[in-house]
Amino acid sequence: MADQEGGGYERLGGRRLSLVDAIAQSVGFIGPVFSTAFIIPAIIGANAAAKGAGIAAPLAVLVAAVGVFALGWIVAQYAKRIHAAGSLYDYVSNGLGRTIGAAAGWLYYGGTIILTVGLGVLIGGYVHDILLPTLGSDSGWFDIWIWDAIWVVLLFVLIFFGVQISTRVQLTLALVSMVVVGLFFIKVIVDVGGANDVATTFNPNSSPDGWSGVFFGVLYGVLIFVGFETAAHLAEETAEPKRHIPRAVLVSVLIVAAFYLLGSYATVAGFHFSLDEIFAANSLGPVLFSLSDPSAYGTEAIAKVIVVVVLFDIMAVGVGASVASTRGVFAMARDRRLPRPLAAVSKRYGTPVGAIVLLMVVQIVLIIATEANDTFLALPPLPHYFAVFIWCATFGAFALIVVYLMMSLGALRGLANHPNKVGVWVSAIIGIAITAAAIFGSFYKVTSPTLIAPWAALVWGVLGLVYMLAVKGRQPASMALPELRTHQE
């Protein structure tokens, strides 16, 4: 759907989205319930380095939240100026130049696509091995790959027939899961009663390694916020993007930070502030499931509800990652940094159909590869689908964090004329420090095949740089189309 007045630049649908829709996109992509269940133990110390914040996990979460808020502030300042779908790609371009920015977009959207399709493999296994048995249903109805295929069809419907469907589904799934799990965390804390000790969890000496352990926890703590910036990908489809997108990004960070503080405290308190108990529970599966077990703080009904809402949150992440991926691929193709067909837009629904088809193809290929070869990215003794997901999530998260680092470095130049120069420098320095630390954590003592993921992301990024040196594209839409840029703060 090219617009001749815009020099042949393709455009997405009209500006129909609200502030709430934009917040739903960021919170949905972050997946706070899923991250609490699967990543909080890594912050505590159940990770490849076997080091973490221990009982001081809430302190590590707080430090990570401060660092991510600094990154969010940078995104918010760029979002006041640039209202294009390829947000992070444009932000890095403004700071480090168009070629580096395009390579960053290649890395970033490659990462979000791999994360998306990894979730597509996880969902089928989760339904087959965890959800149905917990609900007392026969998991033999369908094989895992059939559940994966059902998800592919559902995902296509959610992201093709209008962006409002995507954001409202994310809002519903994320809100229900956060409210249910949040209430359960409060129940755990109430049940702990007089044994509660909030001060201990914010004392660095509660970590086995003091501040060193806390900062190791922060390395993994950054991961639970990945995706906070993705509201910016909806700028072209949001009413008043200069006002709504910056607010959505920062509000999303605050919302999930509060949820993570509650969840991390409930986790350590629920296991009686004992690392041995936490690690023993984590060896059996997500600690959230252990907490909700009837033998702990749950009932059979609560355990079933928790398993269901975790699926809701996984689905919200999948939808959010899909929306971000397709908007980014569309934006780069519109600028002719990627093949032109990927910029195709549905005339009726205003959605990026070319990018959506690409995503669906990659998803189907990964499902087939996972089903055809049990050794593909296997990580015994984990279920195969979960090992594939871990690899994809590691690739995706690492790619995004590298781009956060590039954005922070570029902000010193790209936002050099910002009226709050102190804010720019402070946020950039904090952003550089926290992303560099997270990159270090992606390699430190990590074993293969998971270790291959960040290296693969780096190789992908180098290939992108070579490609972008050869394919110059055209003037970015964020510069060519006046409605996609604001020249005043």
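Whether any residue in the range 159-171 is more than 29 Å from THR486 (Cβ to Cβ) and surrounded by 17 or more Cβ atoms within 10 Å (Cβ to Cβ) is what I want to check.
Filtering the range 159-171 down to residues more than 29 Å from THR486 (Cβ to Cβ) leaves 160-161, 169.
Then keep just the ones that are surrounded by 17 or more Cβ atoms within 10 Å (Cβ to Cβ); that gives 160, 169.
So far as the range 159-171 goes, yes, one or more of its residues are more than 29 Å from THR486 (Cβ to Cβ) and surrounded by 17 or more Cβ atoms within 10 Å (Cβ to Cβ).
Can you pull out the residues in the range 69-80 that are in contact with a Leu (Cβ under 9 Å, 6 or more places away or on another chain) and of a type outside the set (S, T, N, Q)? Break it down stepwise before answering.
Applying the first criterion (in contact with a Leu (Cβ under 9 Å, 6 or more places away or on another chain)) to the range 69-80 yields 69, 72-78.
Across the range 69-80, the qualifying residues are PHE69, GLY72, TRP73, ILE74, VAL75, ALA76, TYR78.
May I ask you to list the residues in the range 418-454 that are of a type in the set (Phe, Trp, Tyr) and modelled with pLDDT under 95?
At the first step, the residues of the range 418-454 found to be of a type in the set (Phe, Trp, Tyr) are 425, 440, 443-444.
Answer for the range 418-454, where residues must be of a type in the set (Phe, Trp, Tyr) and modelled with pLDDT under 95: PHE440, PHE443, TYR444.
Does SER177 qualify as being assigned to a helix (DSSP H, G or I) and touching a Ser or Thr at 6+ places or on another chain (Cβ under 8 Å)?
Details: assigned to a helix (DSSP H, G or I): yes; touching a Ser or Thr at 6+ places or on another chain (Cβ under 8 Å): no.
No, not satisfied.
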Handout entry: Residues (among the charged types (D, E, K, R) and either closer than 23 Å to ALA70 by Cβ or touching a helix residue (DSSP H, G or I) at 6+ places or on another chain (Cβ under 8 Å) (or both)) located in the range 241-291
Key = LYS242, ARG243, ARG247
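Can you pull out the helices (runs of 4 or more DSSP H) entirely within the range 391-489 that have at least 3 residues that are at negative phi and surrounded by fewer than 16 Cβ atoms within 10 Å (Cβ to Cβ)? If you could, list the steps in order and put the result at the bottom.
Details: elements: 421-443, 452-470, 477-480.
Here the list reads 421-443, 452-470.
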Practice task
Can you give me the number of residues within the range 363-385 that are assigned to a helix (DSSP H, G or I) and surrounded by 16 or more Cβ atoms within 10 Å (Cβ to Cβ)?
Solution key: 7
Practice task
For the range 201-217, state whether one or more residues are aliphatic (A, V, I, L, M), at pLDDT below 95 and under 18 Å from GLY441 (Cβ atoms).
Solution key: yes
Problem - Flag for THR201 being crowded, with 22+ Cβ neighbours inside 10 Å, touching a residue at least 12 places away in the same chain (Cβ under 8 Å), polar (S, T, N, Q) and touching a strand residue (DSSP E or B) at 6+ places or on another chain (Cβ under 8 Å) - result: no
Handout entry: Residue in the range 120-129 that is free of Cβ contacts under 8 Å to residues at least 40 places away in the same chain, surrounded by 21 or more Cβ atoms within 10 Å (Cβ to Cβ) and out of contact with any strand residue (DSSP E or B) (no Cβ under 9 Å at 6 or more places or on another chain) present
Key = yes
Problem - Any chance SER292 is buried (at least 23 other Cβ atoms within 10 Å of the Cβ) and either under 29 Å from ILE43 (Cα atoms) or in contact with a Lys or Arg (Cβ under 9 Å, 6 or more places away or on another chain) (or both) - result: yes
Practice task
Look through the range 252-267, keep the residues that are surrounded by 21 or more Cβ atoms within 10 Å (Cβ to Cβ) and among the β-branched types (Val, Ile, Thr), and return whichever of them is nearest to ILE43 (Cα to Cα).
Solution key: THR267
Problem - Contacts under 6 angstrom Cβ, first residue in the range 258-270 being in contact (Cβ under 8 Å) with a residue 24 or more places away in the chain and within 18 Å of VAL27 (Cα to Cα), partner aromatic (Phe, Trp, Tyr) and assigned to a helix (DSSP H, G or I), 6 or more apart - result: LEU262/PHE185; GLY263/PHE185
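Looking at this structure, is ASP313 in contact with a Leu (Cβ under 8 Å, 6 or more places away or on another chain) and acidic (Asp, Glu)? Steps first, answer last, please.
On the way: in contact with a Leu (Cβ under 8 Å, 6 or more places away or on another chain): yes; acidic (Asp, Glu): yes.
It is true that ASP313 is in contact with a Leu (Cβ under 8 Å, 6 or more places away or on another chain) and acidic (Asp, Glu).
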Practice task
Kindly indicate whether any position in the range 148-163 is within 23 Å of the chain's Cα centre (by Cα), small (Gly, Ala, Ser) and outside any helix (DSSP H, G or I).
Solution key: yes
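Return yes or no: is LEU219 surrounded by fewer than 24 Cβ atoms within 10 Å (Cβ to Cβ) and within 30 Å of ALA195 (Cβ to Cβ)?
On the way: surrounded by fewer than 24 Cβ atoms within 10 Å (Cβ to Cβ): no; within 30 Å of ALA195 (Cβ to Cβ): yes.
So LEU219 fails the test.
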Fill in the blank from the handout: Scanning the range 306-357 residue by residue, those surrounded by fewer than 24 Cβ atoms within 10 Å (Cβ to Cβ) and either within 16 Å of THR230 (Cα to Cα) or among the aromatic types (Phe, Trp, Tyr) (or both) turn out to be PHE312, TYR349
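Keeping to the range 312-354, report how many residues are touching a strand residue (DSSP E or B) at 6+ places or on another chain (Cβ under 6 Å) and free of Cβ contacts under 8 Å to residues at least 60 places away in the same chain.
Just the residues of the range 312-354 that are touching a strand residue (DSSP E or B) at 6+ places or on another chain (Cβ under 6 Å), to begin with: 334, 343, 345.
Right, trim to free of Cβ contacts under 8 Å to residues at least 60 places away in the same chain and you get none.
Selection size over the range 312-354: 0.
For the range 212-258, enumerate the residues that are part of a helix (DSSP H, G or I) and touching a strand residue (DSSP E or B) at 6+ places or on another chain (Cβ under 7 Å).
In the first step, residues of the range 212-258 are kept if they are part of a helix (DSSP H, G or I); the result is 212-225, 228-237, 241-258.
Of everything in the range 212-258, those that are part of a helix (DSSP H, G or I) and touching a strand residue (DSSP E or B) at 6+ places or on another chain (Cβ under 7 Å) turn out to be LEU234, GLU237, HIS244, ILE245.
The values are calculated or read from the model by the stated rules, or taken from the named source; none is laboratory data. Everything numeric here is computed off the predicted structure, so don't read it as measured data. Every residue, glycine as well, gets a Cβ built from its backbone with ideal geometry; the counts of neighbours run over all protein chains shown.
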